[in-house]
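Each value in this text was obtained by applying a stated rule to the coordinates, not by laboratory testing. Because the structure is a prediction, the values reported are computed rather than measured.
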Amino acid sequence: MNKYIKHAGIVLLSAGVLLLAVKDKVFSSDDNGILLAALSLIAAGIIIHVAFMKNGSKY
């Protein structure tokens, strides 16, 4: 299970990008809630990914 947690940042980042793509195709109007959720997923994914990369580094 621990080896899958390392990929949580990439999964969150991908989910945010996928949410933006689905929003673009399904919803024609600008819905700020969906945009904020996608932005939050992308930001959290980047932060978690960088944190795991920094902790896993030998240097």
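Compute the long axis of helix 32-56 from its Cα atoms, compare it with the longest principal axis of the Cα atoms of the chain, and write down the angle in degrees, 0 to 90, nearest 10. Between the helix axis and the principal axis of the chain, the angle is about 10 degrees.
With the Kirkwood sum run over all distinct C-alpha pairs, the chain has a hydrodynamic radius of 12.4 Å.
So what is the calculated 222 nm ellipticity per residue for the chain, using -39500 (n - 2.57) for each DSSP H run with n of 4 or more, over all residues, to the nearest 500 deg cm²/dmol? So the helix-based figure for the chain works out to -27000 deg cm²/dmol. Roughly what angle does helix 8-26 make with the longest principal axis of the chain, taking Cα atoms, 0 to 90 degrees, to the nearest 10? Its long axis makes an angle of about 10 degrees.
Taking every lysine pair in the chain that is 8 or more places apart or spans two chains, those with Cα atoms closer than 25 Å amount to 4.
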